[in-house]
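Novice: The structure is given below, and queries will be raised subsequently.
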Amino acid sequence: MAAEVANKLDQLCLDEGKRDKQWRTGLVYDELMTQHRNPSSREHPEKPERITRIWNLLEEEGYVKRCKRIASRRATEEEIALQHKKSYVDRMSEVSSLDATELQRLSHSFDSIYLNSHTHEAALLSLGCTLALTQEVVEGKVQNGMAVVRPPGHHAEHGCAKGFCIFNNVAVAAKWAQIHYGVKKVLIVDWDVHHGNGIQHMFEHDPTVLYFSAHRYDYGHFYPCQPDANYDAVGKDGGAGFNINVAWNKAGMHDGDYLAAFHNILMPIAYEVLFVYSGIFL
């Protein structure tokens, strides 16, 4: 098993001759994303500290200096529309001009979403930073990277925000890499505690994108509480076999559980461009 895993890792390594020897890892971050916050509760779990604490720790440990700092940017409406309905893109573009009552009414039309006047700007940066990092990787300027961004993305659906997520950052980035760089196959690894319903639904018919998620399921009672987060949701039509859910039915899974899932299920199929979605609460 050890030799097999080592061989898979070797296959995943990109050609070192095309890499900038000084920069192996890229980092992207923009403090403007912290302006998106819950207008009624500073203690909401999706708060600015989710990224400021991560970034501060990276600086304290010296990683920011050791990595290539990638310039942040905003996503365009055309880029967002790669995975989201135009009507939804247009609707969210109006958020910055709404008053408090209108913001509350719109947020209540979604599942587990809050909005303020800075939400749209933060969401554009969150997606744009993800795309900027993706570009650096596929162009060979860095070997890998980390986008410290919010709002998150994996719950967002084609036509609606959901579960703290506005735009589906990773799903858009995967499609963007395929369109602009001819990437043939993409593997998305999602180890957030919640199932990434939005990513799964966006690619469940697509055999060019393999979605792997390890998450709490609790027999359908853990958010997002959908039956297709279970192990038997494997993709549809031509995408059958390209969706893998490791659905834990209890809390308290440890490193060994994840390592077992990664070594026995994920590593044997891990090829091509890799996106890792990691929701972190601090």
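Novice: For the range 41-54, what does the Karplus curve 6.51 cos²θ - 1.76 cosθ + 1.60, with θ = phi - 60°, yield as ³J(HN,Hα) per residue in whole Hz, taken in order and with x for Gly and Pro?
Specialist: 8, 6, 9, 4, x, 9, 10, x, 4, 4, 9, 5, 5, 4
Novice: Each residue of the range 128-141 in turn: what ³J(HN,Hα) in whole Hz from Karplus with 6.51, -1.76, 1.60 and θ = phi - 60°, glycine and Pro shown as x?
Specialist: With the stated coefficients, the range 128-141 comes to x, 5, 4, 5, 4, 5, 4, 4, 4, 6, 5, 8, x, 7 Hz.
Novice: Hey, what does the equivalent ellipsoid look like for the chain, semi-axes from the Cα gyration tensor as sqrt of 5 times each eigenvalue, largest first, whole Å? Mind dumping the intermediate values first?
Specialist: Numbers: eigenvalues 161, 111, 72 Å².
In descending order the semi-axes read 28, 24, 19 Å.
Novice: If you don't mind, another one. With a 1.4 Å probe and all protein chains in place, put D237, D206 in order of accessible area, largest first. Walk me through the numbers before you get to the answer.
Specialist: Values: D237 120, D206 25 Å².
From most accessible down to least: D237, D206.
Novice: Can I ask one more? I want the local charge near N245. Using Cβ-Cβ distances under 10 Å, sum +1 for each Lys or Arg and -1 for each Asp or Glu among the other residues.
Specialist: Numbers: positive: none; negative: D190, D228, D232.
Around N245, the surrounding residues sum to -3.
Novice: Would any residue of the range 27-45 have its amide N under 19 Å from a label point 7 Å out along Cα→Cβ of D99? List them or say none.
Specialist: The answer is 39-40.
Novice: Computed FRET efficiency, Cβ-Cβ of H221 and I179, R0 22 Å: what is it to the nearest 0.05? The partial results should precede the final answer.
Specialist: Values: r = 38 Å, r/R0 = 1.72.
Efficiency at R0 = 22 Å is approximately 0.05.
Novice: Then there is this: 7 Å from Cα along Cα→Cβ at both T208 and N264: what's the point-to-point distance in nm?
Specialist: Here the modelled spin labels are 3.4 nm apart.
Novice: Report Rg/Rh for the range 70-194, rounded to two decimals, where Rg is the Cα radius of gyration and Rh the Kirkwood radius.
Specialist: With Rh from the inverse mean 1/r over Cα pairs, Rg/Rh is 0.98.
Novice: Taking chymotrypsin sites (Phe, Trp or Tyr not before Pro) as candidate sites, keep only those in a DSSP loop with at most 16 other Cβ atoms within 10 Å, then name the longest stretch of the chain containing none of them.
Specialist: Details: sites that count: Y231, Y271, F281.
Value returned for the longest uninterrupted segment is 1-230.
Novice: I want to verify a result. In a Gaussian network model of the chain, Cα cutoff 10 Å, which of these has the top mean-square fluctuation: L210, L57, L125?
Specialist: L57
Novice: Of all accessible surface on the chain at a 1.4 Å probe, what whole percent is carbon and sulfur?
Specialist: 53
Novice: Students often check this: by mean Cβ neighbours within 10 Å, which of 192-198, 251-257 ranks highest, and how do the rest follow?
Specialist: 192-198, 251-257
Novice: Taking loop as defined by DSSP and a crowding limit of 14 other beta carbons within 10 Å, which trypsin sites (Lys or Arg not before Pro) in the range 42-114 fit?
Specialist: Passing both the DSSP loop test and the Cβ count: R42, K85.
Novice: Return the inverse of the average 1/r over all pairs of distinct C-alpha atoms in the range 206-275, which is the Kirkwood hydrodynamic radius, in Å to one decimal.
Specialist: 12.9
Novice: While we're looking at this one, here's another question. Rounded to the nearest Å, what's the spacing between the alpha carbon centres of the range 38-89 and the range 182-226? Just the number, please.
Specialist: Between the Cα centres of the range 38-89 and the range 182-226 lies a distance of 20 Å.
Novice: Right, another one. Tell me which of T34, L82, M253 sits at the most positive position along the dipole axis of the chain, charges placed on C-beta atoms (Lys, Arg +1; Asp, Glu -1).
Specialist: Positive-most Cα among the choices belongs to T34.
The values are calculated or read from the model by the stated rules, or taken from the named source; none is laboratory data. Because the structure is predicted, anything quoted here is derived from the model rather than measured. Reconstructed Cβ throughout: ideal geometry from the backbone, glycine too, with neighbour counts over all protein chains shown. What goes into the accessible areas is simple: the full protein's heavy atoms, side chains included, and nothing from ligands, DNA or RNA. Shrake-Rupley method; radii C 1.70, N 1.55, O 1.52, S 1.80 Å.
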